1. Using the number of other C-beta atoms within 10 angstrom as an exposure proxy, rank 134, 97 with the fewest first.
2. What order do you get for 45, 11 when you list them from fewest to most C-beta neighbours inside 10 Å?
3. At 222 nm, what value in deg cm²/dmol follows for the chain if DSSP H runs of at least 4 each add -39500 (n - 2.57) and the sum is divided by all its residues, to the nearest 500?
4. How much length is gained if the chain between residue 3 and residue 70 is pulled fully straight, taking 0.36 nm per residue apart and subtracting their Cα-Cα distance, in nm to one decimal?
5. Tell me, rounded to the nearest percent, the portion of alpha carbon pairs in the chain spaced more than 23 Å apart.
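Bear in mind that the values in this text are calculations on the coordinates, not laboratory data. Note that the coordinates shown come from a computational prediction; the quantities given were computed from them, not determined experimentally. Please note: Cβ atoms are built from the backbone with ideal geometry, for glycine as well, and neighbour counts cover all protein chains shown.
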């Protein structure tokens, strides 16, 4: 068994200023009133089978579309299963970063994933104020995991992903995310 750390570090000062610093998780209450917070999800929501979707060919500032996701599944020789975590590997550390289009988020919602992770600061365009990908996913109770790193070290198309948040009644939380490879 190998374990790959998928978490970006952050300082206490960064976290005090912004709960979106480093690797973090968004629950529906992040954007939607009277919706689930982090503590409303069972622990099984944070430890699941995951699929890595290689979208490293997408350029900084460009959108990942539903066709891109489908092509990444086909290239990996797999199909997303209900409840799995879809991890989007862009390999991008630049700003602006690649992001999910609204129809990409709808595709993942249609696949009934339990969580969507990405190795960028946000699943949405860095200049977007309405956050359409967040809205699509969070409105369906799908957790959003942002700020991952080291996805290029995950050399299996399907693996276990653990992303446990702090036990806090809040809409967001930092996480320590790891890939467990057998």
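1. 97, 134
2. Working: 45 21, 11 10.
Arranged by neighbour count, lowest to highest, 45, 11 become 11, 45.
3. Estimated from H runs of four or more residues: -5000 deg cm²/dmol.
4. Once the chain is fully extended between residue 3 and residue 70, it gains 21.4 nm.
5. 33
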